[in-house]
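The structure appears right after this line, and notes come after that.
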Amino acid sequence: MNIYNPMRGVQMKGDKAVARISTVQARAEFSHTVNRVAYGGERLLLTRRGRDLAAMIPLEDMDTLLDALRKRLVGNSVHAEREQDVLSSERKG
């Protein structure tokens, strides 16, 4: 009998816990696994043969990550444009 243990394989990442489950377990309990992420807000690392393989995160976390990435990319491109302007003006001057 397989008894669900919510703290098995749990690791803290920042302010949230990240649980590790095998791909075999995730496949066997797919609906439950998706619901844990979607409605429970859990972050899961899927493992195969003891190695991290993929992550499942709530949509809210994904939106937050993508927004942060966009801001970082825009900031880097603005910084790169400023550097190009400085270099161009130094070459002309």
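The values are calculated or read from the model by the stated rules, or taken from the named source; none is laboratory data. The model shown is predicted, which means the values in this text are computed figures rather than measured ones. No Cβ is skipped: glycine too gets one built from the backbone with ideal geometry, and neighbour counts run over all protein chains shown.
Couple of notes before you dig in:
- Looking only at segment 18-54, residues that are outside any helix (DSSP H, G or I) and either in contact (Cβ under 8 Å) with a residue 40 or more places away in the chain or not polar (S, T, N, Q) (or both) come to 20 in all.
- Residues located in segment 55-77, provided they are part of a helix (DSSP H, G or I) and either at pLDDT 95 or above or in contact with a helix residue (DSSP H, G or I) (Cβ under 8 Å, 6 or more places away or on another chain) (or both): LEU59
- Residue ID - nearest to SER22 (Cα to Cα), chosen from residues in segment 46-60 that are within 11 Å of the chain's Cα centre (by Cα) and surrounded by 15 or more Cβ atoms within 10 Å (Cβ to Cβ): MET56
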